[in-house]
Amino acid sequence: MAQDGAHHHRHTTTSPPPALPHQRPGTPAFDLPTWACAPRPTVEPGVFRLGYRRIDPDKAEAAQVAAWPLLLRAGLNAVVGWLAYLYGTQVLTYILVWCGGQAGIGPLASPSEAEAMFTLLVVNVVVIGIVVKVFGRMGRWPEVWRRYVAQLLSRTVTQEQPADQQEGPAVEVGRLDPWDGLRLGGAADAAARLDVEVVGDVDYVRIQRAWESAQADQVFVPAFVEQVAARGAAAFAHPSEVRELPGRAEFHDLLTAQVRIGTAQDVPKNPVSHRAAGFALDQSVLGTSLLAVGPAGTGKTARLARPVAEALCLQALSGTACAVVVGAADADLGPDGWYDVVIAPGDPASVYGLDLYGAAQDPDEGAARLAEALLPDELTARAENSRTALQQVVGPFHAAYGRYPGVRELRALLAGDQDALAALAKALGTAGRLAVYERDLDHRERQRGRADDPGALLADRLALLDRPAFEGAFATDGTGRPPFAMRVLDHPLRVRVKLPERSHPEAARMLSRLVVGQFVQAAGAREDRSLFAGLVVDDASAALDALAVRGLQRLRGANAGAVLLLRTLVDLPEALRAPLFGAVGCRMAFPGIAPWDGRLFSEAWGTHLVQETAVTHTPDTSGGVMRRAGRLGRKALSGTTAQTESVTTRDVERLRWSPSDLAHALPAGHAVVSLTAVSGEQVPPLLVDLRG
């Protein structure tokens, strides 16, 4: 069952935690009905929906006025309004009396008592209406009523409400029934079983998802009821039978697939709808991919990568996502208990290996992806020849042996080893495929020994993976560790790839490129896209190449997305920087980024109209002789010249965030982030407090 412990909020001074259950789901303190039936209004991307209350722009503007100035202005307007009322009624009454007496007509010319009283009532109503309209607007009386009087009356009525008039427990429970859909849909027995179970948020979302699938065809409803009756809250569990993450620390709402990572600050640069609201990421924005840039120590891993990895793993347990998390072996991306598959090349204790070809169905496709990963950035110009060279040996080997070559076998073939090539030719002859691939083998033989032979370059690069520390990590003949292949992204798997950055840095760079390239390729080629495929890369500086950047754009339509973290854009080839910014829909800048990095963010976020006020002071030369003499005397006594003030207000275009602001003005623990949803809805840059 769920692990015990507190589920902590991210407390901030601008946004108190919502008044909702906040204990770890699955503990006795977790109130499932309240959580499941809590309001989740439809809002703009980035707003944490659980418990959100939409802010009226007029109220938000009024709330910026401090209490004492607001009350003082309201009181002064009330006094002046009272005097205006007294004076106005007298004047209006006098006018009516005088005009009626002069003309000999009207109710006050020769009034009866009833007519006079009616006329005085009308006069009072008219004057009161004018006074309230004019002075109430200037004194903001409606705002005073909302902020103070209405709240006081509300508390008084609530405290004095008789007990017999309050809603009874039976009505409350009926209104907050999390299994109401099951009861109405013919699964009352399943709902009754779940009523007596301890159900966490993961269990609830998983069972609700299974119920939605069962409702698609009524034939499956009895099977659903049978499963729930037999297993209770553990029904339809994840293949690992895990129902909770150990040590989860973030505030999640699995019904909306959101994870709250901070609070949008209450500043003029932020839209009113986001100010002081919880800031959250979900599948709709992660589906356009997110690029985060910031130097080391600014919290990219702890405040972004780990929360998103935790959210994706929880969603995998609830049956709505699969997660692939890539980072250094010592990166804090959650314990191994969070994941079903942990791949740690270089660690003898690692249970799983990595399929260098991604279980590609086409040998040429797998070879091309491997060639892209093996080449460093400075040798990408030779990528085409390298792909061809690798395909010329991988294809024949697969045809001869029915499997892909291992690292050592592939290295020998690329280096032109005569024994390896002869054995391959013999195996092809035995399989009856020699005639098909003879041309490829002849071409490799002619290339051997030449200075521009791409095979020799690839063999040297493969030597970085042909080390004793990686023994069995990339085996293809069944003798090593079970290899993980990216083609299983249609299952709710949780995968962690630990890169040996300290012991084998260049090999780690190649493996990161390989994993990211395989993910982009496999996620876009899935036939079943019902699960969201999420990728988190803690340091993507070595993981991105031109093919991966182009693939990011295709993830939007494949129900997949990536979160990419960079220390600086300078780590990428210059030719990739602008395409990467165009490929991702969400961009995040952390404090301390370099001005040249901030320039790309600033250009991507564009400009907006702001009101600019210019004040001009000029010497006062108006008036006659007396005023001029007075100004001369003032100048002689005080040493200052009388001036006139001219104020000009105009709309001008300004950068939303300038490179200088991003580089020097962001406070620690904050970030500026813009969002784009898969639907195309955009949110301008938000200043977000990420501190817990």
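The values are calculated or read from the model by the stated rules, or taken from the named source; none is laboratory data. The structure presented is a predicted model; accordingly, all values stated were derived computationally and were not measured. Glycine gets a Cβ as well: all are built from the backbone with ideal geometry, and neighbour counts include every protein chain shown. Areas reflect the complete protein model, heavy atoms only, side chains present, ligands, DNA and RNA absent. Shrake-Rupley method; radii C 1.70, N 1.55, O 1.52, S 1.80 Å.
Results, tabulated for the structure shown:
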item	result
Within the chain: Cβ-based charge dipole about Cα centre, in debye rounded to nearest 20 (Lys, Arg +1; Asp, Glu -1)	2280
Extension gain (nm, one decimal) between ASP661 and GLU612, 0.36 nm per residue minus Cα-Cα	15.8 nm
Label-to-label distance, nm, for residues given as ARG146 and TRP98 (7 Å Cα→Cβ offset)	4.3
Net length gained if the chain between GLN418 and SER679 were fully extended (0.36 nm per residue, minus Cα distance)	88.3 nm
Tilt relative to the chain, helix 418-431 - C-alpha long axis, 0 to 90 degrees, to 10	90
Angle between the chain longest axis and helix 595-605 axis [Cα atoms, degrees, rounded to 10]	70
Portion, in percent, of the accessible area of the chain that falls on carbon or sulfur, probe 1.4 Å	56
Dipole axis of the chain (+1 Lys, Arg; -1 Asp, Glu on Cβ), positive-most option in GLY319, SER273, ALA78	ALA78
Modelled label reach - PHE581, point 7 Å along Cα→Cβ, the range 648-692 residues with backbone N closer than 14 Å	655-660, 662-663, 674
Spatially near lysine pairs across the chain, Cα under 25 Å, sequence gap of 8 or more or different chains	4
For the chain, share of DSSP beta bridges that run antiparallel, in % to the nearest 5	50
Shape call, the range 346-442: gyration tensor on alpha carbons, a/c limit 1.5	oblate
Cα-projected label distance for HIS443 with LEU121, points at 7 Å along beta-carbon direction, nm	10.3
Label-to-label distance, nm, for residues given as THR430 and GLN361 (7 Å Cα→Cβ offset)	2.9
Efficiency of FRET from Cβ geometry, ARG403 and ALA229, R₀ 35 Å, rounded to 0.05	0.15
Cα centre as origin, Lys/Arg/Asp/Glu Cβ charges: the range 243-311 dipole, Debye	180
Cα-based shape type of the range 597-678, given that a ≥ b ≥ c are square roots of the gyration tensor eigenvalues and the cut on a/c is 1.5	prolate
Furthest towards positive pole of dipole, TRP605, LEU92, TRP141, structure part the chain, Cβ charges	LEU92
For the chain, with +1 on Lys and Arg beta carbons and -1 on Asp and Glu, the positive-most of PHE484, GLY524, GLY299 along the dipole	GLY299
Prolate/oblate/rounded call for the chain, Cα gyration tensor, a/c under 1.5 rounded	oblate
